[in-house]
């Protein structure tokens, strides 16, 4: 059997003629359908720009015709995992009710006891005065410290505005009891509109502390005993809050320590004291 093989290239187009027929081998570069006119006599092919052929002498052949869709290819491998997306917004708080209060915890251990301040004679007391008597001082059964104001509250004042009234401040007169000063002063303030008790009541301490009073006979003597550590005393008589009768009360001379009875209208110095 004799085979005639002829090829034609249009662009990059190849065709094979077998037994006077035409079979497309490849057409890879033309983007549109190409019309080729094939001679019925000698199978010679001519490209038809007008896309028309002479039907009497030529067969019309179309190249680059789209064939039927082929079967789907096999599924390719899975692509790489994508990047993690941004976190979503925080959801709203739930509407649940507040839970019940839990039981109270155990009581903690007791802390160490604070250290009490220890004062000595001549130290500055909490009221701004000078300490002149300790809880351990002989005759002091109050368990307290006593401080004297750093200055006199009066330089010349009568014991009371009523010099002939017994106020019942005679307690401890003979022994000079320590601790009677506050009560004696309150009795005097209830009756005397002026005088030694009013002087200490009007006294303003260096730091504004209250509770100052006129010392009893025994407290005044303890202040005299430690006068050097207190300072500021005159060589004069100082009133106590202890009376002996309706007309006389005790004072003390700070030049030699003598304690004397003087008329209540007699004038003397006053030094306020305070217990703490």
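The single condition among (1) within 60 Å of the chain's Cα centre (by Cα); (2) at pLDDT below 85; (3) outside any loop (DSSP other than H, G, I, E, B) that residue 108 does not satisfy is (3). In the set (1) surrounded by fewer than 17 Cβ atoms within 10 Å (Cβ to Cβ); (2) assigned to a loop (DSSP other than H, G, I, E, B), the condition left unmet by residue 260 is number (2). For the residues 197, 177, the requirement of being under 21 Å from residue 133 (Cβ atoms) and modelled with pLDDT under 95 singles out 177.
Give the residue that is surrounded by the fewest Cβ atoms within 10 Å (Cβ to Cβ), with candidates limited to residues of segment 204-226 that are modelled with pLDDT of 95 or more and part of a loop (DSSP other than H, G, I, E, B). Among residues in segment 204-226 that are modelled with pLDDT of 95 or more and part of a loop (DSSP other than H, G, I, E, B), the one surrounded by the fewest Cβ atoms within 10 Å (Cβ to Cβ) is 226.
Quick check on my filter: what residues within segment 180-194 are assigned to a loop (DSSP other than H, G, I, E, B) and modelled with pLDDT of 95 or more? If the condition is that a residue be assigned to a loop (DSSP other than H, G, I, E, B) and modelled with pLDDT of 95 or more, then 192, 193, 194 are the ones that fit. For segment 227-240, state whether one or more residues are without any contact (Cβ under 8 Å) to a residue 24 or more places away in the chain, out of contact with any strand residue (DSSP E or B) (no Cβ under 9 Å at 6 or more places or on another chain) and outside any loop (DSSP other than H, G, I, E, B). Checked against the condition, which is being without any contact (Cβ under 8 Å) to a residue 24 or more places away in the chain, out of contact with any strand residue (DSSP E or B) (no Cβ under 9 Å at 6 or more places or on another chain) and outside any loop (DSSP other than H, G, I, E, B), segment 227-240 yields at least one hit. Condition test on residue 177, is it in the same structural domain as residue 253 (by TED's automatic domain parsing), in contact with a helix residue (DSSP H, G or I) (Cβ under 9 Å, 6 or more places away or on another chain) and assigned to a loop (DSSP other than H, G, I, E, B)? When the stated conditions are applied, residue 177 passes them.
The values are calculated or read from the model by the stated rules, or taken from the named source; none is laboratory data. Predicted model, so just to flag it, every value in this text is computed and none were measured. All Cβ positions, even for glycine, are placed from backbone atoms using ideal geometry, and neighbour counts span all protein chains on display.
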